[in-house]
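Peer 1: Please read through the structure below; I'll follow up with questions.
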Amino acid sequence: MKPSIMDLTKEELAQVVKPPFRAKQIFGWVYHHYVESFEEMANLPKALKEELSRDYVVNPLKIVNKEVSKDGTIKYLFELQDGKTVESVWLKMKDEEYDEEGKLLHEAKYSVCVSTQVGCKVGCSFCLTAKGGFTRDLTPGEIVAQVVSLKKDNNHAHNRVTNIVYMGMGEPLDNLENLAKAIEIFKDQDGLAISAKRQTVSTSGLSNKIVKLGEMNLGVHIAISLHAVDDELRTELIPMNKAHNIDSIIEAVKRYPIDTRKRVMFEYLVIKDKNDDLKSAKKLVKLLHGIKAKVNLIYFNPYPGTDYKRPSYEDMHRFQEYLTKHGVLCTIRDSKGIDISAACGQLKEKTNK
Ligand code: SAH
Ligand code: SF4
């Protein structure tokens with residue numbers, strides 16, 4: 001398996017190619033023009049193109065399945081060089097808007113939901129990704145290439161705004177080194193120039209790694225998959241809660257450097273008759289006291305073989321209302337792409353790869 005040119009930061013690339021200004025040119029071809037081969041990099045000398053083709057691939061991913069939803073969500077299944085597969089999702093967050101004369105006011109806004117591992121070690125009982133166990137970490141290039149491939153496939157110019165959410169398959173903080181490198185590569189002004197403010201890392205709550213990520217000062221936002229307000233239920237849902245309990249997560253979040261205008265997002269997966277009651281809502285308000293938090297309620301998305309159930313619309317809204325009334329900002333995640341295999345791991349399962 002050859003490394004990908006997208007594994008390298010521009011500084012690393014400048015160590016490989018001489019003279020170093022070639023690194024900027026290559027970044028332009030890869031991240032502005034989305035080329036698939038070194039031969040297409042017209043302003044590079046022939047010898048350099050040959051050398052790079054010998055040692056690297058440009059894009060390490062191949063699209064092997066794609067599902068388009070009515071709401072504009074597109075789910076992709078990628079094959080990696082070793083035949084393993086991961087998913088990414090292209091999410092339309094905001095429709096384009098026009099004025100009365102039909103003039104475009106602003107373009108549609110998109111987010112890319114990326115995977116960070118093949119499988120996952122955390123083993124959450126409600127998550128389809130966990131069922132297959134853990135295979136391996138993704139390389140920085142395999143993380144970066146998901147965004148490049150989705151932008152290319154959707155004819156999305158490099159300089160159009162793109163948000164990144166690390167919410168696909170895998171636990172990003174369990175692959176912290178490669179994640180950090182991908183974040184840096186995305187930020188590069190000669191590349192996609194996606195600022196850290198537009199990148200959100202979702203974690204199941206490895207508290208020591210939350211602290212470490214904070215200390216790295218990358219500037220990214222965090223989203224905590226909390227899902228439960230007492231340790232007993234949380235351990236049933238997320239077994240590694242034994243080692244990283246709720247208190248340790250709250251402590252870690254309090255130490256995380258947050259942009260003063262922003263809030264830490266807490267994801268709360270709502271499962272019928274498990275955590276959808278007002279007693280839980282009350283505990284949640286108490287738990288988040290003193291934190292600039294925002295809660296995002298997620299409907300559990302059932303799949304064949306699970307005993308967990310989707311909560312009712314009424315319970316979901318009652319929960320939200322309780323939080324809002326008690327001063328906690330709370331939204332309900334609309335289940336984008338519910339008609340395609342929206343929950344993480346479902347397209348992979350269906351394709352049987
Ligand atoms: N490992 C990280 C990021 C990937 S999971 C984390 O756990 O935060 C991304 C989100 O998908 C998590 O909030 C997870 O709870 C949610 N998820 C997993 N399975 C789901 C399902 N069946 N229905 C709805 N959300 C699910
Ligand atoms: Fe891993 Fe996140 Fe799925 Fe849990 S929810 S198994 S941490 S991917």
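Peer 1: Which one is modelled with the lowest pLDDT, of the residues in the stretch 232-261 that are part of a loop (DSSP other than H, G, I, E, B) and touching a helix residue (DSSP H, G or I) at 6+ places or on another chain (Cβ under 8 Å)?
Peer 2: For the stretch 232-261, the residue satisfying everything is ASP259.
Peer 1: Another question about this same structure. Return only the number of the condition from (1) assigned by TED's automatic domain parsing to the domain that holds HIS156; (2) in a loop (DSSP other than H, G, I, E, B); (3) modelled with pLDDT of 95 or more that TYR34 does not satisfy.
Peer 2: Only one criterion is unmet by TYR34, namely (1).
Conditions (1) touching a residue at least 60 places away in the same chain (Cβ under 8 Å); (2) among the hydrophobic types (A, V, I, L, M, F, W, C); (3) out of contact with any helix residue (DSSP H, G or I) (no Cβ under 8 Å at 6 or more places or on another chain), marked per residue:
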{"position": "HIS106", "(1), (2), (3)": "no, no, yes"}
{"position": "TYR110", "(1), (2), (3)": "no, no, yes"}
{"position": "VAL122", "(1), (2), (3)": "yes, yes, no"}
{"position": "SER125", "(1), (2), (3)": "yes, no, no"}
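Peer 1: Continuing with this model, one more query. So which residues in the stretch 189-200 are among the charged types (D, E, K, R) and either buried (at least 19 other Cβ atoms within 10 Å of the Cβ) or touching a strand residue (DSSP E or B) at 6+ places or on another chain (Cβ under 9 Å) (or both)?
Peer 2: If the condition is that a residue be among the charged types (D, E, K, R) and either buried (at least 19 other Cβ atoms within 10 Å of the Cβ) or touching a strand residue (DSSP E or B) at 6+ places or on another chain (Cβ under 9 Å) (or both), then LYS197, ARG198 are the ones that fit.
Peer 1: Do we find that ASN352 is within 14 Å of ligand 1 (Cβ to nearest atom), of a type in the set (S, T, N, Q) and modelled with pLDDT under 95 in this structure?
Peer 2: No: the conditions fail for ASN352.
Peer 1: Which residue, of LEU138, LEU150, LEU77, LEU91, is buried (at least 19 other Cβ atoms within 10 Å of the Cβ), of a type outside the set (D, E, K, R) and more than 24 Å from ALA193 (Cα to Cα)?
Peer 2: Exactly one residue qualifies, and that residue is LEU77.
Peer 1: Something else now. Find the residue count for the stretch 174-216, including only residues that are among the β-branched types (Val, Ile, Thr) and either in contact with a Lys or Arg (Cβ under 9 Å, 6 or more places away or on another chain) or not assigned by TED's automatic domain parsing to the domain that holds VAL264 (or both).
Peer 2: Summing the residues that are among the β-branched types (Val, Ile, Thr) and either in contact with a Lys or Arg (Cβ under 9 Å, 6 or more places away or on another chain) or not assigned by TED's automatic domain parsing to the domain that holds VAL264 (or both) in the stretch 174-216 gives 5.
Peer 1: Then there is this: Can you pull out every residue in the stretch 216-245 that is basic (Lys, Arg) and more than 13 Å from ligand 1 (Cβ to nearest atom)?
Peer 2: LYS242
The values are calculated or read from the model by the stated rules, or taken from the named source; none is laboratory data. Note that the structure is predicted; figures quoted are calculated from it, not measured. A quick note on method: Cβ atoms are made from the backbone with ideal geometry, for glycine too, and the neighbour counts reach across all protein chains shown.
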